Structures are given as C-alpha cells and as structure tokens.
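Structure first, then comments.
Every number here is computed from the coordinates shown, using simple stated rules; none is lab data. Quick caveat: nothing in here was measured; it's all calculated off a predicted structure. Backbone-built Cβ (ideal geometry, glycine too); neighbour counts: all protein chains shown.
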Amino acid sequence: MTTQTTDIPPTPTDERRSWLREHSELGVCVLLLALGALVLTDALTMDVDITQRGPVGPKTVPVVVGIGLLVIAALLAVDVLRGGHGQAETGEDIDLSEPADWRTVLLLTGVFLGAAVLIEPLGFPIAGALLFWGAAFALGSRRVDRDPLIAGVLSLATYALFNNLLGVPLPGGPLMGVM
Amino acid sequence: MDALNSLMDGFGTALTPINLLWAAIGVLLGTAIGVLPGIGPAMAVALLLPVTYGLNPIGAFIMFAGIYYGAMFGGSTTSILLNTPGESAAVVAAMEGNPMAKSGRGAQALAAAAIGHFAGGLIGTILLVALAPTVAELAVDIGAPDYFAIMVLAFIAVTSVLGSSRIRGLASLLIGLTLGLVGLDQMTGQQRLTFGSLQLADGIDVVIVAVGLFAIGEALWVAAHLRRRPPEPIPVGRPWLDRGDVKRTWKSWARGPFIGFPFGAIPAGGAEIPTFLSYVTEKRLSKHKDEWGKGAIEGVAGPESAASASAAGTLVSMLTLGLPTTAVAAVMLAAFQQYGIQPGPLLFEREPDLVWGLIASLFVGMVLLLALNLPLAPVWAKLLRIPRPYLYAGIMFFAAVGAYAVGGEVIDLVILLIIGLIGFGMRRYGLPILPAVIGVILGPNAEQQLRRALQISDGSVTGLVNTPFAVTVYAVTAVLLAWPLLKRLVVRDRVSA
C-alpha cells in the first residue's frame with residue numbers, strides 16, 4: 001500500500017482512518033496478543049495435582065508458547081510501526097491490483113456454514129451439492145442449467161466413493177433412504 | 001548389497017496390481033493437480049488425507065508419492081503455457097519455457113521439462129536408495145534428546161530460512177504450536193485449551209488443520225482477489241525433441257539432480273533455491289548465451305531436473321529422520337501419524353515393506369509419468385481452461401468432505417472454517433503457512449520427546465545435550481539462527497578485500 005495523496009486537506013478523522021487502514025496489520029498483533037494471553041491464562045489456571053517427574057509438566061510448554069506469542073506480538077507491532085509490511089500471497093488466479101472482494105468471501109463463508117448445518121438433517125449428497133452450487137454461485141458462476149447438475153453428480157459420486165468404496169461413513173439423509 | 005535386495009523386495013510390493021493402480025491414480029491425479037492453477041501438491045495431499053481412513057498405509061503412501069512427483073511434473077506445464085507460476089518452484093520453468101511456447105516451441109519445452117523430471121527423479125531416487133539406509137543406520141541409536149533436537153532444527157529452519165520475515169515466520173509457528181496444544185496432555189491427561197468442551201478434549205485433528213490452512217484458506221484468499229479474466233494458455237501439440245535439442249540438453253538433465261537433491265534433503269525451502277541455482281549454472285555453461293531470456297531449452301531442462309531430484313532428497317530426511325523439509329513432506333508426516341507410524345531411523349527396520357515399497361513405487365511412478373505425459377500433454381493443457389468458480393467450489397467441497405470424514409462431526413466443519421479464516425488472514429498479512437503446519441504436526445511430538453528426555457536425566461537440562469548427535473544438530477541450528485549476522489560479515493569481508 002502506498003501513502004494516499006489527496007488535494008483536499010485531510011481532516012483529523014480521515015487521517016486517523018487512513019493511518020489505521022495502512023497499519024491494519026496491527027490487528028494481527030492484537031490477535032496474537034489476545035491468543036498469547038488466552039494460552040497463558042489457561043496454563044496458569046491449570047491445577048496440576050499429579051506429582052510429576054522432572055521439571056517439565058503439562059504447564060511448561062503452554063507457558064513458553066504463551067510468552068512467545070506475547071513477545072512476537074510486540075516485535076511485530078514494532079516492525080509494522082517502522083514501516084514493515086507482510087507480503088500478501090500471490091498466485092495464478094490472484095489479482096492483487098484490485099481491492100479485496102469481501103462480498104464473495106462472506107458469501108462463501110455463509111454457504112459453508114449453511115452446508116455444515118444441513119449435512120445432518122439433509123444428508124451428505126444434498127448438503128454437498130448445495131455447498132458446491134452455492135460456492136460456484138458465490139464465485140460468479142450463473143449457469144442455472146449446468147451448475148446444479150455438476151454439483152449433484154459430484155456430490156453423489158463422492159458419497160458413493162467414500163461411503164461404499166473407501167468405507168468412510170457419510171450420512172445418506174432422506175435421499176438415500178428413498179433410493 | 002543390502003539396499004539392492006530390499007529394493008527388489010520393494011518392487012515385489014510395488015508391482016502388485018493393486019499398488020500399481022494406486023501409483024497410476026497418484027501420478028494422474030498429481031499431474032492434473034499440478035496443472036490446475038491454484039492447487040499445489042501440499043493442498044492436494046492434504047485434501048486426500050481422509051483416504052487414509054479407508055486405505056492401507058502402503059497403498060496410501062504409494063499414491064501420495066505419485067501425487068508429489070506428478071504435481072511437480074504438472075506444475076511446469078502451467079508455467080510454460082500460462083506464464084503465471086503459482087508455486088515458487090515453478091517460477092524458473094516460466095523464465096525460458098514461456099518464451100519458447102510463445103515462439104512456437106512449446107512442444108519442445110514440455111518435452112525438455114518432462115524428460116528433465118524423469119532424469120532428475122531417476123537420479124534422485126537412486127541417490128535416495130544409496131543414502132537413506134546409511135543415514136538410517138547412523139541415526140539408529142537416536143533417542144528422545146536427539147529427536148527433540150531435530151524438531152527444534154525443523155522449527156528454526158522453517159521460520160528463518162523460508163520467507164522474507166523471521167518475525168512473521170515465528171508468529172506462524174506459534175499459531176501452529178498453540179493449535180497443537182489443544183486437547184488432553186499426552187502424558188498426564190491434563191486438559192489444555194479445551195474450555196471444558198468434550199469435542200476439543202480430543203485435540204484438533206491434524207487433517208482439519210492441514211485442510212483448513214491449505215485448502216479453505218487458499219480458496220477464500222483467491223475468492224477475495226479472483227482475476228476477472230483468467231490468463232489464456234498457449235495452445236500446444238504433442239511434446240517432442242529433435243536430435244539437436246537432445247544434444248543441447250542431456251548435460252543439463254544430468255547436472256540438475258546434483259544441485260536439487262542436496263537442497264531437498266536440508267530444510268531450505270524445497271525446490272525453490274535449487275531450481276534457481278540450476279538455472280544460473282546452465283546459463284553460465286551454455287554455448288547459446290544469446291538465446292537466454294528468449295527461450296533457451298537448457299533453462300527448462302536443468303531446473304526441472306533439479307526440482308524432481310529435490311523431491312527425492314526431501315524423502316531422505318522425511319523417512320530417515322522424520323524431518324519434513326517441505327509442505328508436502330509435512331502433510332505426508334501427518335499421514336504417517338494417522339497410521340500411528342513414526343518416521344525415523346527405525347522405520348527402515350520396523351516397516352521395511354512400506355519404505356521399500358514406497359521407494360520402488362517412485363521408480364514405477366516416474367516411468368508411468370513419462371509414458372503418460374508425453375502423449376497426454378495436449379489433454380493436460382485443456383485443464384487450464386477449467387472455469388474458476390468450479391475449481392474453487394470443488395476445493396471447498398472436498399475440504400468439507402475431508403473434515404467431516406475425520407469423525408462425522410459438524411463441529412469439525414466449523415473448526416475447519418475457523419482455521420480456514422486464520423489461513424486467509426495469514427495470506428493477507430504475509431505470514432507463511434508452512435511453519436504453522438509444522439508447528440501443529442511436530443509440536444505435540446516435540447513436547448513429548450522433551451519431557452521424556454528430561455525424565456531420563458531426572459530433570460537435568462544436560463540430558464538434552466548428552467549425545468554427539470544432538471550437539472551437532474544444535475550447532476547447525478545455531479548457524480541457521482546466526483546466518484543473517486554471518487552473511488553480513490562475509491559480505492563486508494568481500495567488500496573490504
């Protein structure tokens with residue numbers, strides 16, 4: 001991200017907002033800090049009543065990891081404030097020149113959660129097909145004739161492969177009950 | 001020759017019809033996955049971890065090895081025809097391969113890459129056969145302190161050698177170690193980070209972490225930045241080489257493995273560095289210097305051969321020491337854990353059928369790859385046209401299948417999504433994924449070895465450094481840690497001299 005230049009003199013709130021946007025990586029530090037605090041609290045409130053051999057009990061490693069998280073959160077904050085930036089990952093289908101498309105990410109997350117809720121009442125074949133179709137829709141595919149067909153075939157084939165061939169049970173749901 | 005006899009037995013295992021089938025499925029799947037943009041071999045093996053619930057270990061590992069080699073093979077096709085390499089190891093293939101394809105020599109570029117992979121894989125695997133039993137024998141007496149030292153080395157190596165920022169690498173490692181802590185303590189049964197939840201008491205399954213970070217995280221990240229119009233692949237015919245090409249490239253094929261193999265065996269980032277070194281070497285030795293940058297065939301042949309050999313080198317460290325040096329090796333290590341097998345020097349004694357069957361299947365896989373991929377190249381190129389919504393919807397779908405298959409619990413899907421979102425954030429802010437995965441996989445194991453070592457020594461810290469092996473490993477670790485400092489000194493010396 002580069003510094004923004006505007007012709008209009010920025011108001012203090014604008015300035016603060018753009019500063020925050022540029023330093024959004026500080027959010028990672030906050031998360032690491034919170035995680036470190038969580039791990040430490042959990043470790044220190046652990047009541048170890050078993051007599052242990054050696055200096056390293058079940059608490060030791062969590063305490064070390066927790067302290068490590070706190071230290072790294074601080075170091076990362078210093079790095080970010082000094083102008084350091086994590087390099088966003090690139091790839092074949094990734095175009096970093098455009099701003100992030102949060103709608104698609106939220107839609108995908110919603111579709112995934114929906115499928116998770118539906119897998120037990122509706123069974124894997126239906127919930128899986130809905131997951132595929134929904135995800136393809138979220139990613140911009142609008143072929144109403146082709147998308148559900150591919151989703152259904154993929155889901156049924158996967159169900160058969162895992163449930164019948166590999167012996168990994170998946171819930172069949174009402175659809176398999178009928179068949 | 002003990003190793004040769006064992007290898008012959010291995011061929012007996014690998015050449016049974018069912019294992020041949022797994023090898024064929026592995027290389028076909030691996031090539032397809034390598035060609036497909038957006039899916040790397042680590043994600044592929046992670047997505048396929050659930051098959052370990054239904055398959056015997058020998059079949060599963062033969063298939064995984066096929067995927068590893070196949071994906072390397074397929075990755076170069078994408079680089080040559082599309083010029084947007086997704087994996088760092090394939091970057092070099094695009095540098096000369098893509099100009100070749102643009103000037104109508106795509107078929108030759110693909111052939112040079114394919115034969116390069118065959119040669120590199122072959123020489124690399126022969127080196128594996130020759131070296132692995134020796135390494136295993138040298139390391140056969142290693143105990144808890146040594147294992148702990150190796151794991152510390154793995155932690156330090158993945159955080160300080162890879163990626164551009166050590167702080168971000170360490171942050172990633174600590175996230176992984178935290179995820180690994182969740183559940184009952186292995187030695188005392190104490191609940192850690194479970195918050196009273198019964199589901200969390202079993203810990204977070206490695207499959208869910210690997211699939212979440214590699215597959216869901218990647219799919220969400222790509223979704224946020226999906227290219228509106230995917231790049232168009234360059235059409236290509238059947239790969240072939242004429243006599244002049246072969247004359248130019250055979251030395252490059254032969255040199256590549258000796259650069260790739262050692263780099264694969266040490267934790268230095270897999271194929272990335274050796275492919276680049278091979279490129280530079282070939283450029284220096286080339287008689288056609290004017291062609292470089294415009295499509296010099298040696299620049300495809302050498303690096304691709306080095307890439308394949310580095311995969312073989314990776315297997316040496318993974319099988320003999322249990323030290324994963326790449327993301328794929330880390331996920332394969334997770335698969336070993338699923339079967340309750342501990343890779344390490346004893347693996348060659350305890351599971352000879354598995355190890356030698358796996359090694360023999362590498363030779364089988366390479367022959368299959370060469371035989372299938374030369375004629376199938378135009379078909380593979382068609383895969384590059386797959387509509388992206390289907391590709392990433394499919395990744396989400398199979399990730400869900402994998403996580404649900406772990407225990408048939410809906411809560412696992414929710415955990416998968418949360419870990420996927422963590423993976424998304426890590427990609428956004430440049431935290432490398434590999435340290436987190438290594439942390440989850442090796443963390444609990446490292447803690448156990450540490451505590452075992454300290455119990456043996458009755459709490460004395462000297463119990464961690466009382467073997468020459470451990471001391472050596474710690475010395476290597478110290479050099480890695482001090483490397484940025486050392487490098488500065490070396491550079492300063494050179495400048496002042």
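Here are some notes:
- Computed on the Cα trace of the range A:97-144, the radius of gyration divided by the Kirkwood hydrodynamic radius gives Rg/Rh = 1.07.
- Pairs beyond 21 Å (Cα-Cα), from B:K102/B:K382; B:K247/B:K289; B:K287/B:K487; B:K247/B:K382; B:K247/B:K287: B:K287/B:K487; B:K247/B:K382
- Looking at the range A:83-179, the trypsin sites (Lys or Arg not before Pro) that sit in a DSSP loop and have at most 10 other Cβ atoms within 10 Å of their own Cβ are A:R142.
- Distant-in-sequence amide contacts of A:G172, defined by a placed amide H-H separation under 5 Å and a gap of 5 or more residues or a different chain, comprise A:F124.
- Counting beta carbons within 10 Å around each of A:H85, B:H117, B:H225 and listing the fewest first gives the order A:H85, B:H225, B:H117.
- Residue separation of B:D458 and B:Y339 scaled by 0.36 nm, minus their Cα-Cα distance, works out to 39.7 nm of gained length.
- Over the protein assembly as shown, equivalent-ellipsoid semi-axes from the Cα gyration tensor in Å: 35, 32, 29
- A convex hull fitted around the alpha carbon atoms of the range B:295-343 yields 64 Å³ per residue.
- Relative contact order computed over the range A:102-178 (Cα-Cα under 8 Å; 6+ residues apart), in percent: 38
- The mean number of Cβ atoms from other chains found within 10 Å of a Cβ in peptide A:24-32 is 3, as a whole number.
- Sorting B:V379, B:V440 from the fewest to the most surrounding beta carbons within 10 angstrom yields B:V379, B:V440.
- Shape category assigned to chain A from the gyration tensor of Cα positions, a/c cut at 1.5: oblate
- With R₀ fixed at 25 Å, the C-beta to C-beta distance from B:N5 to B:I25 puts the FRET efficiency at about 0.30.
- 3J(HN,Hα) along the range B:219-229, derived from phi through the Karplus expression 6.51 cos²θ - 1.76 cosθ + 1.60 where θ = phi - 60°, amounts to 4, 5, 5, 5, 4, 6, 10, 4, 4, 4, 10 Hz, with x in place of Gly and Pro.
- Helix runs (DSSP H) in chain A reaching 24 Å along axis by Cα, Kyte-Doolittle at least 0.5: A:26-44, A:60-81, A:102-122
- Share of Cα-Cα pairs in chain B lying beyond 32 Å, as whole percent: 40
- For the range B:355-443, the spread of Cα positions along the three principal axes, ordered from largest to smallest, is 44, 39, 33 Å.
- Our coupling estimate for the range B:28-40, obtained by passing each phi through the Karplus curve with A = 6.51, B = -1.76, C = 1.60 and θ = phi - 60°, is 5, 4, x, 5, 4, 5, x, 5, 4, x, x, 10, x Hz, Gly and Pro reported as x.
- When only the Cβ of Lys, Arg, Asp and Glu is charged (+1, +1, -1, -1), the dipole of chain B relative to its Cα centre reaches about 2120 debye.
- Centre separation in Å (Cα based) which lies between the range B:332-377 and the range B:189-256: 19
- Taken one residue at a time, the phi angles of the range B:358-367 give Karplus couplings (6.51, -1.76, 1.60, θ = phi - 60°) of 5, 5, 4, 5, 5, 5, 4, x, 5, 5 Hz. Gly and Pro are set to x.
- Chain B: calculated mean residue ellipticity at 222 nm from DSSP helix runs of at least 4, using -39500 (n - 2.57): -24500 deg cm²/dmol
- Relative contact order %, chain B, counting alpha carbon pairs below 8 Å whose residues are six or more apart: 29
- Using Cβ point charges alone (K and R +1, D and E -1), the dipole size of the range B:314-466 about the Cα centre works out to roughly 680 debye.
- Ranked A:V64, B:V209, B:V401, criterion: other C-beta atoms within 10 Å, fewest first: A:V64, B:V401, B:V209
- Across all Cα atoms of the range A:12-81, the radius of gyration (one decimal) and Dmax (whole number) stand at 17.3, 60 Å.
- 0 to 90° range, to nearest 10: angle between helix B:388-407 axis and chain B longest Cα axis: 30
- Full extension of the chain between B:N466 and B:A201 gives 91.9 nm of extra length, using 0.36 nm per residue less the Cα-Cα distance.
- Relative to the Cα centre, the charge distribution of the protein assembly as shown, modelled as +1 at Lys and Arg Cβ and -1 at Asp and Glu Cβ, gives a dipole magnitude of about 1800 debye.
- Residues with amide H under 5 Å from that of B:Q191, placed H, sequence gap 5 or more: B:D185
- Nearest 10 degrees, 0 to 90: helix B:91-102 Cα axis against chain B principal axis: 20
- Tilt relative to chain B, helix B:298-321 - C-alpha long axis, 0 to 90 degrees, to 10: 20
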